[in-house]
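In what follows, a structure is listed as structure tokens, so that the remarks can point back to it.
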Amino acid sequence: MGILDMPPGKIPQGEILFRGQDMLKMSNEERRKIRGRKIAMIFQDALSSLNPVLSVGYQLGEMFRVHEGMGRKEAKAKAIELMERVKIPAAKERVNDYPHQFSGGMRQRIMIAMALALEPDLIIADEPTTALDVTVQAQVMDLLAELQREYNMGLILITHDLGVVADVADKIAVMYAGRIVETAPVHELYKRPAHPYTRGLLESIPRLDQKGHELYAIKGLPPNLLKIPSGCAFNPRCPKAQDICRTEVPPLVPVTEQDGAELTGRGSACHFWKETIHG
Amino acid sequence: MGRYVARRLLQMIPVFIGTTLLIFLMVNVLPGDPVRALWGDKPPDPAQVAQIKHDRGLDLPLWEQYLHYMKGLFQGDFGNTIAGNRPILDEITQAFPVSMRLAVMAWTFELVVGITLGVFAGIRRGRIVDNTVTIFTLLVISVPIFVVGLLFQLYMGNEWQWITPTVQDSEDMGQLVVPALVLGMVGLAYVARLTRTSIAENRSSDYIRTAVAKGLPRKRIVTRHLLRNSLIPVVTYLGTDIGTLMGGAVITEGIFNVTGVGNLLFTSLARREGAVIVGIVTVLVLVYLLASLLVDLLYAVLDPRIRYA
Ligand code: SF4
């Protein structure tokens, strides 16, 4: 989206297609017009992601003032409307408050409201609930899911919490060391993972019916991103690893039923996906 | 807010009394006798010396002198000079506007040029602009101000004749430009460095990332989001610096012969006119205290997380 500084960030290859257009080929100005208007983002820590010295009303209204050319008053009215949409109580009185005067959950709602402001086609939410209390997490997630349906927009949810995605997502792409290792429709993934890493993740979710057992954990540590292992990045931690895993990078291939019947939307980047899903 | 201001104003009273007392004592332990100095090189007449001392209350014990002085001060009477017996208040009110003008001009340089340089250096960190600013400010900070002053005077005044080497008329703003530049130079360098660090630090903050993700134009991000947060430490510096500029112009005023407070302070010291020194310092302390109160109030305006009760 062009929000990282380049350098030091860089995109060595590939393309970012949005509505058929490669965003990497756009000018900065074209990209800027897409940001916020067509693609909006929600960040992890709302306290540091909101400007501490500007009122939330100002920060919300800014979307309308910049992208729609609205005046101050109009923008403020819109800001109040948005705050009501995300169920912030007493929105009218609180519109001039500053981020530090809100609770964590309320702040994250403001982030969501900001992303929703111009009814974008796509929202990218980067760990939107990690910084929140567990009870508040659920509320915020529900709100996000509800609004996503209501506005009928795309939602890319980045999270490490597989429990969170189950209710919200349709499709999951599991990533490891910066690469997609498995893709699947959400329920299929939970039922039949086709990659050892996914399996490990699922087994490490605490479950009520397994009380008393020690919680499973994938052995080893997450990879150092400066020293990603050769071959399959997961090989030092993988229980199924063979010699080939240390030398050859497994490509992301379509996953099929045992009889070869196609499984839509499924893919795995494991040399031994067959054994993993069917074995 | 009102209560906070009232409390701060009340707090000024002990600070005020303390500083005047200190200065009063320090001036009195200075070697040299202002009354004897009236005779210059000639031997003074002991009877006359005693007479003058008695008339001016200089033969009283120190604490009584101080009480007298403070009593006068609260009635707006700063006393009279020993040489010439002129009201000290007149001397101060003559010199003050000149220094004030000089300080405000120097301060404006610091503010405008310092912040501009700092912002550009901070945004383009590690590039040519940044390196140039860093080296320039380091140079300015490490070279003593009288060297800069004398160089300016030598080249602009004598060699190229852009200006008159010394200020002829301290009321003329135009003539004060170069002295103000010299005076504000060091502060300018500090402001630039402070701004640069602050901008560079805030630039990679989360809320700037958010501002970018919102699709705001670059200019708006810098002016509305980045600058406001980055200027908070700079404001503190600029606020306290106005006091320093007013009192710290002794050297600059000396070089360019500006007839301001610094000059008056210098000549009074040379003549051991204690009451004048105490008077000037008293006014400067007041300026200082008020400036720092203003800074604290401005702080709350810039940063809503700070609330005074
Ligand atoms: S490719 Fe090998 S190491 Fe990688 S996940 Fe599959 S079995 Fe494990």
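The values are calculated or read from the model by the stated rules, or taken from the named source; none is laboratory data. These figures come from a predicted structure and were not determined experimentally. Backbone-built Cβ (ideal geometry, glycine too); neighbour counts: all protein chains shown. We work out accessible area using only protein heavy atoms, side chains counted, and drop any ligands, DNA or RNA first. Shrake-Rupley method; radii C 1.70, N 1.55, O 1.52, S 1.80 Å.
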What does the charge count around B:Ile92 come to, taking other residues whose C-beta lies under 14 Å from its C-beta (Lys +1, Arg +1, Asp -1, Glu -1)? -3
Would you rank A:Phe43, B:Phe136, B:Phe146, A:Phe18 by solvent-accessible area, highest first, keeping every protein chain in place and using a 1.4 Å probe? B:Phe146, B:Phe136, A:Phe18, A:Phe43
Over chain B, what percent of the accessible surface lies on carbon and sulfur atoms, probe 1.4 Å? 66
Violations at 24 Å Cα threshold for listed pairs A:Lys38/A:Lys191; A:Lys33/A:Lys78; A:Lys171/B:Lys214 -> A:Lys38/A:Lys191; A:Lys171/B:Lys214
Any of A:Lys10/A:Lys227; A:Lys10/A:Lys240; A:Lys10/B:Lys219 with alpha carbons more than 29 Å apart? Name them for me. A:Lys10/A:Lys240
Local charge sum around B:Gly72 (other residues, Cβ-Cβ under 14 Å, Lys/Arg +1, Asp/Glu -1)? 0
Do the sum for chain B: with -39,500 (n - 2.57) for every DSSP H run of n ≥ 4, divided by all residues, what is the mean residue ellipticity at 222 nm, to the nearest 500 deg cm²/dmol? -23000 deg cm²/dmol
So, over other residues within a Cβ distance under 13 Å of A:Lys38, counting Lys, Arg +1 and Asp, Glu -1, the net charge is +4
Going by amide H atoms built from the backbone, whose H comes under 5 Å of the H on A:Asp97, apart from near neighbours? A:Val56, A:Gly57
Measure nothing but the geometry: give the 0 to 90° angle between the long axis through the Cα atoms of A:72-85 and the longest principal axis through the Cα atoms of chain A, rounded to 10°. 50
To the nearest 10 degrees, the tilt of helix B:274-302 (Cα long axis) against the first principal axis of the alpha carbons of chain B is 20
For region B:2-88, take every pair of Cα atoms, bin their distances at 10 Å starting from 0, and report each bin as a whole percent. 14, 39, 28, 12, 6, 2
Springs between alpha-carbon atoms under 10 Å, Gaussian network over chain B: tell me which of B:Thr223, B:Thr259, B:Thr267 tops the mean-square fluctuations. B:Thr223
Run the numbers on region B:267-309: which residues show a drop of 40 Å² or more in accessible area, chain on its own versus all protein chains together, using a 1.4 Å probe over heavy atoms? B:Pro304, B:Arg305
Heavy-atom accessible area of B:His54, protein chains in place, probe 1.4 angstrom, given in Å² to nearest 10, is 120
Total Å² of accessible surface buried at the B-A contact, 1.4 Å probe, nearest 100? 2100
Between A:Arg266 and residues 5 or more places away or on another chain, the pairs with built amide H atoms under 5 Å apart involve A:Val255
Per residue, accessible area of region B:2-88 with a 1.4 Å probe, heavy atoms of protein chains only, in Å², comes to 67
Under-5 Å amide H pairs with A:Ile156, H placed in peptide plane, nonlocal only: A:Ile123, A:Ile124, A:Ala125
Restricting the calculation to Cα positions, tell me the Rg (one decimal) and the Dmax (whole number) of region B:95-302 in Å. 19.4, 66
Semi-axes of the equivalent ellipsoid for the protein assembly as shown, Cα gyration tensor, largest first, Å: 71, 26, 23
